[in-house]
Amino acid sequence: MLEFMHFGQVANFKTESNIPIDKFAIAINSKLKKSIVIKSAEEVDERFHSRYSVKEKTYRYTINNSKYGTALYRDMEYHFPIRLNVEKMKEAVKYFEGEHDFTAFKASGTSSKSSIRKIFKAEIYERDERIYIELTGNGFLYNMIRIIAGTLLDVGLEKIKPEEIKNIIESKDRKKAGKTLPPAGLCLINVNYI
């Protein structure tokens, strides 16, 4: 089972290879499993670090909200057959924008020193019985996106009112947030370094 998809993943390493940079992706792809594809390669400053130099990341969590789900995409989305109130979810997701202490939305045992993160953009959109939750921020805690998605699912089920999100964030109490949704729906979309 996929832990989650990586469309925008960036990695860095040092090499003394003589392969020209414009041929590097092709050369690496010839040695990789078919489940991994390198799209491009470029030279960067020695100080660049693919994890610590990040300015913002965008993740997407996909919920298949159809009655029967799909066999083809079952490892890339979370199937939830009960109809969700997407308008309420859209209202609720906006409460995540801004800088907050996201203690209520982190998995136990998270090693991060600080739970404060900034979400620049939080939105939900629908297409073909799928609900997409997209969050762009300066960083995310372990399982934070999946817990936010689980909380928004509860909003969609009308177990939580949209305006209660503010109180859940302020409570810093993990028990007040929704469950952690399965990893299959999570996908890293983009990473920005500017």
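No lab work stands behind these numbers, since they all come straight from the coordinates. These numbers were taken from a predicted model, which means no experiment stands behind them. A quick note on method: Cβ atoms are made from the backbone with ideal geometry, for glycine too, and the neighbour counts reach across all protein chains shown.
As a test of the definition: which semi-axes, in Å, follow for the stretch 50-128 when you take the square root of five times each eigenvalue of its alpha carbon gyration tensor? Largest first, please.
They are 28, 17, 13 Å, listed from largest to smallest.
Return one number: the angle in degrees, 0 to 90 and rounded to the nearest 10, between the long axis of the Cα atoms of helix 144-156 and the longest principal axis of the Cα atoms of the chain.
Around 30 degrees separate the two axes.
Determine the sum of side-chain charges near ALA122: Lys and Arg each +1, Asp and Glu each -1, restricted to other residues whose C-beta is under 9 angstrom from that of ALA122.
Spelling it out: positives minus negatives among the neighbours equals -1.
How much mean residue ellipticity at 222 nm does the chain get from its helices, if each DSSP H run of length 4 or more adds -39500 (n - 2.57) and you divide by all residues, to the nearest 500 deg cm²/dmol?
Result for the chain, helices only: -5500 deg cm²/dmol.
Per residue of the stretch 23-30, in order, report the coupling 6.51 cos²θ - 1.76 cosθ + 1.60 (Karplus, θ = phi - 60°) as ³J(HN,Hα) in whole Hz, putting x for Gly and Pro.
9, 4, 4, 4, 5, 5, 4, 5
Students often forget the sequence filter, so: which aspartates and glutamates lie under 13 Å Cα-Cα from LYS67 once same-chain residues fewer than 8 apart are removed?
List returned: ASP128, GLU129.
What shape does the stretch 111-179 take by its C-alpha gyration tensor, where a ≥ b ≥ c are the square roots of the eigenvalues and a/c under 1.5 counts as rounded, a/b above b/c as prolate, and the rest as oblate?
Taking the square roots of the gyration eigenvalues as a ≥ b ≥ c, the stretch 111-179 is oblate.
To check my understanding: the extent here is largest minus smallest coordinate of the Cα atoms along each principal axis. What are those three numbers for the stretch 9-72, in Å, largest first?
Extents along the principal axes, in whole Å: 54, 31, 14.
What pairs in LYS55/LYS166; LYS57/LYS106; LYS121/LYS161; LYS94/LYS118 have C-alpha atoms more than 23 Å from each other?
LYS55/LYS166
Kirkwood Rh, the chain, all Cα pairs: how many Å?
The answer is 18.2 Å.
Quick one: what do you get for the stretch 84-130 if you divide its Cα Rg by 2.2 N^0.38 Å?
In units of the 2.2 N^0.38 Å rule of thumb, it is 1.43.
How large is ³J(HN,Hα), in whole Hz, for each residue of the stretch 119-136 in order, when computed from phi with the Karplus curve 6.51 cos²θ - 1.76 cosθ + 1.60 and θ = phi - 60°, using x for Gly and Pro?
Each residue of the stretch 119-136 in turn: 9, 7, 8, 9, 8, 10, 9, 10, 7, 6, 6, 10, 10, 10, 9, 10, 10, 10 Hz.
Between the alpha-carbon centers of the stretch 130-181 and the stretch 68-110, tell me the distance in whole angstrom.
For the stretch 130-181 versus the stretch 68-110, the Cα centre distance is 6 Å.
Which of the aspartates and glutamates could a cross-linker span from LYS33 if the Cα-Cα distance has to be under 19 Å and same-chain partners fewer than 8 positions apart are dropped?
Leaving aside aspartates and glutamates fewer than 8 places away in the same chain, those within reach of LYS33 are GLU3, ASP75.
Which number comes out as Rg/Rh for the stretch 147-194 once both Rg and the Kirkwood Rh are worked out on C-alpha atoms?
1.08
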